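The values are calculated or read from the model by the stated rules, or taken from the named source; none is laboratory data. All figures in this text were calculated on a predicted structure; none of them were measured in a lab. Please note: Cβ atoms are built from the backbone with ideal geometry, for glycine as well, and neighbour counts cover all protein chains shown.
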Amino acid sequence: MKGKFVGLIRRFTWLDWLLLVLLFGFFAYLVVVSGSRIFNRRPAPVEFLAGEAKGAMMGNIWIDVSGSVVSPGVYELPAQSRVKDALVAAGGFSESADREYVAREINLAAKAVDGQKIFVPALVKSGMGVTAPGSSAITKINVNSASATQLMTLPGIGEARAADIIKNRPYIKGDDLVTKKVLSKTVFDKIRDIVTAY
């Protein structure tokens, strides 16, 4: 057996030896590269994965919005939503909403909580700009959206003045009626407490 092996080796030409060396070199290269990849493998970014998992667990919340909003109902919102987001989802305030109450009592920047109920009260009408007994809200006419007929229900406002009010819209605040010379200060003082602009 040994003699046959020695005889086989003696038959090798320089080309055979070259091919043999190249073959061994190729296998050695594969071994080195594979080992390097195994030892240099980096762990997965744990922080990122943890953040993704946390976000998935937070999910959404459900808020009940009712009262004087455009579309009362129960809305699904992202977990980090604010009270303002819930009101926007409900279409915003309706015309009858008591905005003074909202500004005073409802914190629009507060975080919404799952299962929370948000109620927007309405102004209580009773005659000309007066509220029902026991109510602190005042029914005000919006000079930016009221019709000519509604404006003419105001003291001292006739057809011509109602037309002038509509013509000079919009108004940022009620005092703009005087600033824009639509009404005199005397006339505006009569309606100051029963008009608003938004």
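Can you pull out the residues in region 64-83 that are buried (at least 18 other Cβ atoms within 10 Å of the Cβ), closer than 13 Å to Ala112 by Cα and among the polar types (S, T, N, Q)?
Once the filter is applied, which keeps residues that are buried (at least 18 other Cβ atoms within 10 Å of the Cβ), closer than 13 Å to Ala112 by Cα and among the polar types (S, T, N, Q), region 64-83 yields only Ser81.
On the basis of being of a type outside the set (A, V, I, L, M, F, W, C), at pLDDT 85 or above and more than 37 Å from the chain's Cα centre (by Cα), does Gly92 make the cut?
Considered against the rule, which asks whether it is of a type outside the set (A, V, I, L, M, F, W, C), at pLDDT 85 or above and more than 37 Å from the chain's Cα centre (by Cα), Gly92 comes out as no.
With the structure loaded, tell me whether Ile191 is in contact with a Leu (Cβ under 6 Å, 6 or more places away or on another chain), touching a residue at least 24 places away in the same chain (Cβ under 8 Å) and at negative phi or whether it fails that test.
yes
Filter region 143-183 for residues that are among the polar types (S, T, N, Q) and free of Cβ contacts under 8 Å to residues at least 40 places away in the same chain; which is farthest from Ser94 (Cα to Cα)?
Step by step, filter region 143-183, then rank; the result is Thr179.
Filter region 138-165 down to the residues that are part of a loop (DSSP other than H, G, I, E, B), surrounded by 13 or more Cβ atoms within 10 Å (Cβ to Cβ) and not small (Gly, Ala, Ser) and list them by number.
Ile138, Thr139, Lys140, Val143, Asn144, Met152, Thr153, Leu154, Ile157
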